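Rule-based calculations on the coordinates, nothing more; no lab input. Everything numeric here is computed off the predicted structure, so don't read it as measured data. As a convention, Cβ positions derive from the backbone with ideal geometry for all residues, glycine included, and neighbour counts pool all protein chains shown.
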Amino acid sequence: MTQFDFLVRVALPVLMLIAPLAFVLAMRLFLSPMVAPAQVRRARILTWSLWCGTLVALVIFGVAHQYLRWNLAVQVMFLFFPLWFALAMPLLSLQYPKVFQTHLHDRPIRTAALVPRELENPIPRVAWLLPWVLWATGLALLFWARQAAQAENLLQWRIHLAVQFALVFLPALGPSMVRRLLQEPEPLSEPVTSDVLEDYRSVRFFRAIGMYTLICLMLFAFSALHVASACGMSGPVAGRWGTVAGIVLGVAGTVVGVTAGLWRSRIHGRVWSEPNRSQERR
Amino acid sequence: MLTVRLDSDVPLTEQIAAGLRTAIASGELRPGDPLPTVRQLAGDLGVNLNTVARAYRDLEKSGLLTSTRGRGTQVVGQTEAPRPSRAHAQRRLSERLQEVLTDARLAGLAPEDVRRLVEQQIPRFWKTV
């Protein structure tokens, strides 16, 4: 087994299965859980379910890896999705509500800046040429590769072409996705300090630039894979590279999103500090 | 900055409209300045989109704001708004002052308190005072 095979068939599935649990545990390094008493029971059930789910998934992987075919062991990594979306995410939002909360709903006094944030877009309009160029280059190279695709591979080539066409949503919707992101709530409270405004600006820029970078990387990675596959790269090899690229980009997106969430929750903590709360009580 | 109180008796739409009017009168917002989108302001304040949209519409009707497709909402400034005569403005102000003073009297404030509050606010609107 080559190192690459080991990475894709053994290490990656195991990492994927452990990732949801590791992510929940790692959050404790940055924030202490804020579970409300009434929700403690639910949080405990979810925690134990996540532990058990991870163990069961690892056992399934072990069995599939040891006694069944290789491919089945690789497929087990898709158990990541139920572990992440059905257990880890609800647990995180239960324990760290401020990380996922876009607005501080319990405040009777609310303040907002009167500056339109979409005018402060860190991604200039001209920068959206790059995703378009990546997408169009991939498409052009696919047409060029048609000569290389033999008659039996024509169906595969058509599938690559269809998927490459479908990727147009990334450069087409990217600008509006970033604009929408810039308008996410940024609650303030009097007195407003320039530090808070600057911090909000930094986290907003971080997310927007992160999203733009990921869009470009996704287009580059998937266009390159389509072209390589159409030019004769074997299906399983292309599939493995696709899996690696998909996972790396997915994890990068999650890290950007959660880092921004943590950052925002710290800002909310400063905005909604005790002096402000006592001011409102008065 | 625009601040609203959810525990106030004044409807949110009126609070937002009043806040924007104050920002325009005090010079915080100048003619031609763009305003945040309805979505942004509603999100920041944690209120319904329609509440902010209604406040914007009210100010558009009174000539303080204008909305253009593609350019969003902007401050028009007083030159484009129909300016009332000085006598009319004084009469309207007097009526509103009566309401404010009635509230102050019923709240048990002394004339000195009211005078101090007014004097605190004046520099916000007339910078040279």
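Per DSSP H run of at least 4 residues, take -39500 (n - 2.57); add these up for chain A, divide by its residues and hand me the 222 nm value, nearest 500 deg cm²/dmol.
-22500 deg cm²/dmol
Using every alpha carbon pair in the range A:158-282, what percent of pairs falls into each 5 Å bin from 0 up to the bin containing the largest distance?
2, 9, 16, 16, 13, 11, 9, 7, 6, 5, 3, 2, 1, 0, 0
Pick from A:Val59, A:Val168, A:Val251 the residue whose mean-square fluctuation is largest in a GNM of chain A, springs joining Cα atoms under 10 Å.
Top of the fluctuation ranking is A:Val59.
Which value, in debye to the nearest 20, describes the size of the charge dipole of the protein assembly as shown about its Cα centre when Lys and Arg Cβ atoms bear +1, Asp and Glu Cβ atoms bear -1, and nothing else is charged?
It works out to roughly 240 debye.
Please report, to two decimal places, log10 I(q)/I(0) for chain A at q = 0.08, 0.09, 0.12, 0.15 Å⁻¹ as given by the Debye formula with identical point scatterers on the Cα atoms and no solvent.
-0.48, -0.59, -0.96, -1.22
Starting from the eigenvalues of the Cα gyration tensor, five times each then square-rooted, give me the equivalent ellipsoid semi-axes of the range B:87-126, largest first, whole Å.
Three semi-axes, in Å: 19, 16, 6.
Run the dipole for the range A:1-156 about the Cα centre, Lys and Arg Cβ at +1, Asp and Glu Cβ at -1, nothing else charged, and hand back the magnitude in debye, nearest 20. Before the final figure, lay out each step's value.
Working: 12 positive and 5 negative charges, 106 e Å.
Once rounded to the nearest 20, the dipole reads 500 debye.
What relative contact order, as a whole-number percentage, does the range A:1-136 give when Cα pairs under 8 Å and 6 or more residues apart are counted?
Details: 80 pairs, mean separation 46.0, N = 136.
It rounds to 34 percent for the range A:1-136.
What is the sum of charges, Lys and Arg at +1 and Asp and Glu at -1, for the other residues whose Cβ falls under 15 Å from the Cβ of A:Ala73?
So the environment of A:Ala73 carries a net charge of +2.
Please state the relative contact order of chain A as a whole percent: Cα pairs under 8 Å, 6+ residues apart?
Numbers: 237 pairs, mean separation 63.6, N = 282.
So the answer I get is 23 percent.
Quickly work out the B:Glu112-to-A:Arg146 label distance, labels modelled 7 Å from Cα along the C-beta direction, and quote it in nm with one decimal.
Result: 9.1 nm between the two label points.
Between the helical axis of B:49-61 and the dominant principal axis of chain B, each derived from Cα atoms, what acute angle in degrees is found, rounded to the nearest 10?
Result, in degrees: 80.
Counting Lys +1, Arg +1, Asp -1, Glu -1, what net charge surrounds A:Gly210 among other residues with beta carbon under 14 Å of its beta carbon?
Counting the neighbours of A:Gly210, the net charge comes to +2.
Over all pairs of distinct alpha carbons, what does the Kirkwood formula give as the hydrodynamic radius of the range A:26-121, in Å? Write out the running numbers ahead of the final one.
Values: mean 1/r = 0.0598 Å⁻¹.
Roughly 16.7 Å, rounded to one decimal.
Among B:Val76, B:Val38, B:Val114, which one moves the most in a GNM of chain B with springs linking Cα atoms closer than 10 Å?
Highest fluctuation of the listed residues: B:Val114.
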